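This report refers to the structure that appears directly beneath it.
A short reminder: the numbers here are calculations on the coordinates, not readings from a lab. All figures in this text were calculated on a predicted structure; none of them were measured in a lab. A quick note on method: Cβ atoms are made from the backbone with ideal geometry, for glycine too, and the neighbour counts reach across all protein chains shown.
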Amino acid sequence: MLVHICCSVDSHFFLQKLQKLYPQKKLIGYFYDPNIHPFSEYQLRLFDVKRSCQKLGIELIEGAYDYEGWMQAVRGLENEPEKGKRCSICFDDRLEKTAQKAIELGISEITTTLLTSPKKSIEQLRMNAKSIEEKYALHVHTPDFRVGGGTSEQFALAKKDKLYHQNYCGCLFALESQRQNQQRLADELMSALGRQILPSSIEERLKLYESVLECEEKGKDFTLKREKFLNYRLLRAYVKDEKKEVIPSYFLFYSWLKREHIKGSIEHEKEGIGYLNKEEIVFVSLDKMNEVLQTRYKNVKELCLKALSVAQEISLRKKVIPSEFLTLNPIIIVDEIALKKYEIYLKSVTYTDTREKLYIQ
């Protein structure tokens, strides 16, 4: 039986139920999910599905990531609600590709782990399955493993085996709608220009689960715990000099202003640190930064393209502004400090967030 897989939380439970229900059948997983956005999230879910299938001894095939084709298929349905017409077309697409792959492999039975997702309608999925059966010479199994406390069992199993539990369905439109309802920043759609791994980002989660797999392979005891913290995203920032020309600048993590646009002058400089006469803004020369962090950046342009780690930025912040509390002063790295007027534009957000951390016992 070819089993379409959407994510590890659903598949880990669903596949084990299938193994018990059909002990004589060989199960093959098929990860075909071009709806998942962004691509880094797709990579993370695929990584954890591979990890789950490895645990269960199930072969896994990866389908094509045809995101443009999927977007074309749901065009005009961007504002449809969850379980609406867009979801139906999405199901059709994934079930049809699963059917085509099954025929290619000489398999006459398919199913999908979408059936166990509490966010999906089983009735809707069964209607889609029926249309696939009418079109192709194969059988689509549509078991309901949610009944009798199945969903609780599913989540308990995912927690026990430390699987990645995503917090949105997968597609761009569902993500945007969900974040708007939560009045929360859709930071999944943001990536740092300088290849920096940001806290609670998809990239950080992927690194985390790579470490989880490494611990499992080496037989290390470990646990995952959630922590609440103040997160931050820089949306846009620049510095202009007296000539109204934008100069290379790098804003440290947690730089924040109540007003986005400020004009002021650096009236005092000491040992590579300059102080603006407005909003407690601090300038740091590149040489000073290199000295403090023991780095070797040649100029700020290089720094922007190959960013510091967040840990390095916070370390520098604490040394520039010693404090027992977390400071939000804008700290700006420039090539050289000059006692003159500057214009600063800074748009950023701070917000409460949670993330998982790995602890090796």
Exercise. Could you list the GluC sites (Glu not before Pro) in region 153-251 that lie in coil according to DSSP, counting only those with at most 13 other Cβ atoms within 10 Å of their Cβ?
Key: GLU242, GLU245
Exercise. Give me Rg over Rh for region 221-361, both radii from the alpha carbons and Rh done the Kirkwood way, two decimal places.
Key: 1.01
Quiz item: Which ³J(HN,Hα) values in Hz, rounded to whole numbers, follow from the phi angles of region 309-321 under the Karplus curve 6.51 cos²θ - 1.76 cosθ + 1.60, where θ = phi - 60° and Gly and Pro get x?
Solution: 6, 4, 4, 5, 5, 5, 4, 5, 4, 5, 7, 6, 10
Self-check item: C-alpha long axis of helix 39-56 to longest principal axis of the chain, angle in °
Solution: 50
Quiz item: In whole angstrom, how far apart do the alpha carbon centroids of region 85-156 and region 278-293 sit?
Solution: 57
Practice problem: Might you report the magnitude of the Cβ-based charge dipole of region 97-149 about its Cα centre, with Lys and Arg at +1 and Asp and Glu at -1, to the nearest 20 debye? | Solution: 240
Quiz item: Can you list the chymotrypsin sites (Phe, Trp or Tyr not before Pro) in region 293-361 that are in a DSSP coil and have 13 or fewer other beta carbons within 10 angstrom?
Solution: PHE325
Quiz item: Pairs LYS220/LYS318; LYS301/LYS341; LYS101/LYS220: which exceed 27 Å Cα-Cα?
Solution: LYS220/LYS318; LYS101/LYS220
Practice problem: Sort out for me the Cα centre separation of region 215-234 from region 1-72, rounded to whole Å. | Solution: 24
Self-check item: Test item: Cα-centred dipole of region 2-175, Lys/Arg +1 and Asp/Glu -1 on Cβ, debye
Solution: 580
Quiz item: If the chain between LYS278 and GLU203 were fully stretched, how many nm would it gain, using 0.36 nm times the residue separation less the Cα-Cα distance?
Solution: 23.4 nm
Quiz item: List the lysines whose alpha-carbon lies under 22 Å from that of LYS218, not counting same-chain residues fewer than 8 positions away?
Solution: LYS50, LYS55, LYS159, LYS160, LYS162, LYS207, LYS357
Quiz item: Hey, what do the phi angles of region 342-351 turn into as Karplus ³J(HN,Hα) couplings, whole Hz, using 6.51/-1.76/1.60 and θ = phi - 60°, x for Gly and Pro?
Solution: 9, 10, 10, 10, 9, 10, 8, 9, 10, 7
Quiz item: How far apart, in nm, are two points set 7 Å out from the Cα along the Cα-to-Cβ line at LYS258 and at ILE321?
Solution: 1.4
Quiz item: Once label points are set 7 Å from the Cα along Cα→Cβ at both ASP353 and THR223, what is their separation, rounded to one decimal in nm?
Solution: 2.5
Practice problem: Report the charge-dipole magnitude of the chain in Debye, nearest 20, computed about the Cα centre from +1 at each Lys and Arg Cβ and -1 at each Asp and Glu Cβ. | Solution: 520
Quiz item: Looking at GLN361, ALA192, LEU175, which one has the Cα that reaches farthest to the positive end of the dipole of the chain (charges on Cβ: Lys, Arg +1; Asp, Glu -1)?
Solution: GLN361
Practice problem: Quick one: grab the alpha carbon gyration tensor of region 2-175, order the square roots of its eigenvalues as a ≥ b ≥ c, and give me rounded if a/c is under 1.5, else prolate or oblate depending on whether a/b is larger than b/c. | Solution: rounded
Self-check item: log10 of Debye I(q)/I(0), alpha-carbon scatterers only, for the chain at 0.09, 0.13 Å⁻¹
Solution: -0.64, -1.02
